[in-house]
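Chemist: Attaching a single structure in structure tokens format; questions to follow.
The values are calculated or read from the model by the stated rules, or taken from the named source; none is laboratory data. Quick caveat: nothing in here was measured; it's all calculated off a predicted structure. FYI the Cβ positions are ideal-geometry reconstructions off the backbone, even for glycines, and counts take in every protein chain you see. These area figures cover heavy atoms from the full protein model, side chains too; ligands, DNA and RNA do not enter into them. Shrake-Rupley method; radii C 1.70, N 1.55, O 1.52, S 1.80 Å.
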Amino acid sequence: FQKLRQNYYPMYLKNSKIIVIKIGSSLLVDENKKIRKKWLSSFARDIKKLKDKNQKIVIVSSGAIALGCKKMNFNKKNIKLDKSQAIASIGQIELMNLFSQTFSKFKLNISQILLTLEDTEERRRSLNAKRTFENLFELGFIPVVNENDTIATTEIKYGDNDRLASRVAQITNADTLILLSDVDGLFTKNPKVNKDAKLIKIVNDINKDLKEINIKGINEYGSGGMQTKIEAAKICQLAGSSMIIANGLYSNPISKIIEKNNCTWFSPKVSKLHARKKWIISSIAPKGNIVIDDGAKKALKLGKSLLAAGIKNVSGRFNKGDHIKVLDKKNNECARGLSSFSSDEVKKIMGHHSNEIQKLLGYVAKSEVIHKDDMVEV
């Protein structure tokens, strides 16, 4: 059965509609500080094959600081944080020029998106980013995402592009995230030190399967390790995405995964729809509360949306899209969700039927205060 599962995964990758691929800086710049142009061309060739099959691709790339150091002839190890931000600004242009020059040879159009972790963790900002990705897909462009190192602080210090890539996979609703590293995948021991280390092919339960695993891999340009990849896998599993850790040092690394499957797969824990519910229930602290009557409570239990007519009281200040609690008349929490209205708007329309909302607010609005797809019963 395990063998069947292993053979299934390359087919899953072939059928993935949206794929996010993260490139570590060690893949772009070798140990002699030379840009690996030949490798990048082989990678672009792989992307071209995926695009020809109408698969949507997002690339999350490290390397701005590495390329900035190369241009300025600096040693990254000796650079302080504030200088790193300036070097990242210099390197960012070098990085995008490198991608643009290489990908244009294969008639691939790229765009740049700069993100911080806050942009993907705050719901409204993540929705804005999601719309940008969707529009770029429609235009036939490949978004190249970089962490905004020019204003980042701990992101530079601790190197969290693996987790950033998993957040990108989450908000784009990607089927698969590929983390291209300098090792074949996750091993039972550090393969660079232990010859008896074995590659772990499939991880279904991180807490159970990896209980004894603690591997760190740090080189001059890459500032993360295997631990950040495991953290990324946890996010992907709860987002309904599969994740791959694979060796990107080979030419045509994506084709290599499909042909050889010599990598580590993390299988998703939940469906995509369930993943959205998971995001809501584990989201940031609610901005406000809505108290509902017994009729509305009964409707929620039947999987219905929350309408203004069933609302009795509103507390706190929140905006459209904010995370709020839904309480019954005894102040017991019965649901959480994303509001379609601000707190001021809800106060104006509460207790009224949906067909009165436009007249009360003076403009066309949604009929549901919280849509059923944006709500989780507690």
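Chemist: Criterion first (under 24 Å from D46 (Cβ atoms), touching a strand residue (DSSP E or B) at 6+ places or on another chain (Cβ under 9 Å) and at pLDDT 90 or above) does P268 satisfy it?
Modeler: Answer is no for this residue.
Chemist: Which ranges mark the strands (runs of 3 or more DSSP E) fully within the range 282-336 that have 3 or more residues being over 17 Å from S354 (Cα atoms), within 30 Å of the chain's Cα centre (by Cα) and not acidic (D, E)? Break it down into steps so the answer makes sense when it comes.
Modeler: On the way: elements: 288-292, 311-316, 323-327.
Once the strands (runs of 3 or more DSSP E) in the range 282-336 are filtered for at least 3 residues that are over 17 Å from S354 (Cα atoms), within 30 Å of the chain's Cα centre (by Cα) and not acidic (D, E), what remains is 323-327.
Chemist: Please find, within the range 103-133, the residue that is farthest from N252 (Cα to Cα) out of those that are out of contact with any helix residue (DSSP H, G or I) (no Cβ under 9 Å at 6 or more places or on another chain) and open to solvent by 80 Å² or more (accessible area, probe 1.4 Å).
Modeler: Among residues in the range 103-133 that are out of contact with any helix residue (DSSP H, G or I) (no Cβ under 9 Å at 6 or more places or on another chain) and open to solvent by 80 Å² or more (accessible area, probe 1.4 Å), the one farthest from N252 (Cα to Cα) is R124.
Chemist: Please specify each residue of the range 342-366 satisfying the condition of being part of a loop (DSSP other than H, G, I, E, B) and under 18 Å from D293 (Cβ atoms). It would help to see each step written out before you state the result.
Modeler: So the first thing to find is which residues in the range 342-366 are part of a loop (DSSP other than H, G, I, E, B), and the list is 342, 350-353, 362-366.
Scanning the range 342-366 gives M350, G351, H352, H353.
Chemist: Out of S100, S89, S61, report the one residue that is within 12 Å of I142 (Cα to Cα) and either open to solvent by less than 20 Å² (accessible area, probe 1.4 Å) or over 22 Å from the mean Cα position of the chain (by Cα) (or both).
Modeler: Just a single option satisfies the conditions, and that option is S100.
Chemist: Given K17, K71, K49, which one is touching a helix residue (DSSP H, G or I) at 6+ places or on another chain (Cβ under 9 Å), within 21 Å of T172 (Cβ to Cβ) and open to solvent by 20 Å² or more (accessible area, probe 1.4 Å)?
Modeler: K49
Chemist: Right, here's the next one. Taking the criterion of being of a type outside the set (S, T, N, Q) and more than 30 Å from K201 (Cβ to Cβ), would at least one residue in the range 38-61 satisfy it?
Modeler: So in the range 38-61, the residues of a type outside the set (S, T, N, Q) come out as 38-40, 43-53, 56-60.
Remaining after also requiring more than 30 Å from K201 (Cβ to Cβ): none.
Looking through the range 38-61, none of the residues is of a type outside the set (S, T, N, Q) and more than 30 Å from K201 (Cβ to Cβ).
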